[in-house]
1. Taking a ≥ b ≥ c as the square roots of the Cα gyration tensor eigenvalues, with a/c under 1.5 meaning rounded and otherwise prolate when a/b beats b/c, else oblate, which class fits segment 374-427?
2. Volume per residue, Å³, of the convex hull around the alpha-carbon atoms of segment 111-154?
3. At R0 = 25 Å, how high is the FRET efficiency between SER329 and GLN187 if r is their beta carbon distance? Nearest 0.05 is fine.
4. Over 5 Å intervals from 0, what percent of Cα-Cα pairs in segment 123-277 sits in each interval?
5. Distance between Cα centroids, segment 33-47 to segment 152-214: provide it in whole Å.
6. Given a Förster distance of 56 angstrom, what is the FRET efficiency for PHE392 paired with LYS218, based on the Cβ-Cβ distance and rounded to 0.05?
7. Roughly how far apart, in whole Å, are the Cα centres of segment 281-351 and segment 91-110?
8. Computed FRET efficiency, Cβ-Cβ of LEU108 and ILE67, R0 22 Å: what is it to the nearest 0.05?
Amino acid sequence: MNEITQIELEKNQTEALKKKSLFYSLKEAITTNFSLGLADNYFGAYAIALRADVTVIGLLTSLPNLIGPLAQIWTSNLMKFFSRKKIFITAVLIQILFWLPIIFVSYLYLHDDQSIYLLLIAFFLAYAFLGNLAQPAWVSWMGDLVEPKQLGRFFGFRNSLASLAALVGIVLGGFVLDLFKFNLGRQEIFIGFGLIFFVGMLVRFISLYFISRQFEPKFIFERSDYFSFWSFLKKSSSNNFGRFSIYVALILLTANVAGPYYVIYILRDLKFSYLEFMLINLVGLLATFLTMPFWGRLGDHFGNVGILKLTGLLTSLPALLWFFTIFLSKIVSFYFILTISFFGGFLWAGFNLAAGNFLYDSVTPKRRSLCSAYSSIFNGLGIVVGTLIGSFTINYFPFRFFNLIMVVSFISGVLRLFVGLFMFPLVQEVRPIEKGIVFNFNSFATQIFRQPYDLIFAHSAKKIKNTLKRKNGNNDVG
């Protein structure tokens, strides 16, 4: 009897530690994403202020995504010898310090040093490598802290807070840079960049404190849980998680045909100010903040695969709409791009949350870090190939009647549409779904446009279902 009591006591203590850790995880999400919004979000603008061309921007996007997944495989090996907590904190601590040499590149630029682009790429590669090194350890660790039935709700709420914090960071960064004025090549703008990067670095140290307070459940690595990337690759087309990895990688490939070059189009071609650039980023994050709780509840109720398929297909629309800005005046383009950014933020919020939660649903806890690493290799290769396709088209495409960045945006949208339609039936839901529940687009639209309060602030998925029953006479759900 005493043994049973002791086991129950230890179980209760563990559950209490997990709940406390999730509270610290929310604080970590706020501080980390404030830093990302303030600093990381303006790295592309920093490169353009350094007069980086399309090729350099493409390399800054593609190379980290090629090197990063290799770091994640290394993490799986490190987890044999070190705790996930130690791996994460050590990698992120060193990563944060790389902001100092990144800031120093602007000093070299002002002194006409010819090596600045190689140094910028090298420092950013190291920064990305260390971030990717930490990622699988965090994924595995958080999977042991969150109850499976609460994945959508917790990460939906966490991501919503993260988006709000990033939004505040983006606003602050935009105002700081606008204060120092957008004059390429002048010293003042680099003081602004140095300031936001340094403050972002300091805030990231605070986030490390919060994550150091999290409890780490015991993790034992077993050789039976290991399988090689080659084995994963061979079986990827014949198993559900493998097809999921291919689908996400193809969506990212098509998205990055144009994605890295929008910043050039906004700042160089349209000549928008940093304040306008900030607002464009802001509305996308605002959409993520407002709709993330909705996507989390929808995923818990309907499953993640339906959301993944629908949003993956619809993300083609923002890319297609970007093309039409070439026919609009500057002021009309600005408001049109704001609308596109909000719509895109809404769709990518659902896609990213569903993709992340599908990993937790479909992979056993001890294989999560390894599957996350292997899936990230697919994603990284997709991003690299997409970025190189976009760069090659912009630099060498002979037809120059239209802005070539907008041409690759249109190509990106068409390719994404084909990927979505082709891959639609190949990935299956693994989470048990309530019998009779189907993902119905009519009910989906009803929740968005007719019940915004219930969509964002409903206390449970059941409330959403009851709202639909009252409004639609039970025709859409059940």
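1. Values: a/c = 4.09, a/b = 1.61, b/c = 2.54.
The shape class here is oblate.
2. Convex hull of Cα atoms, per residue: 94 Å³.
3. Values: r = 33 Å, r/R0 = 1.32.
After rounding to 0.05, the efficiency reads 0.15.
4. All Cα pairs, binned at 5 Å, distribute as 1, 6, 8, 13, 17, 16, 14, 10, 7, 5, 2, 0 percent.
5. 6 Å
6. It comes to 0.70.
7. 32 Å
8. Working from the Cβ atoms, E equals 0.45.
Read-outs throughout are calculated quantities, based only on the coordinates presented, and are distinct from any laboratory measurement. Owing to the predicted nature of the structure, the values given are computational and were not obtained by experimental measurement. Neighbour counts are summed over all protein chains in view; Cβ atoms, including those assigned to glycine, are modelled from backbone coordinates with ideal geometry.
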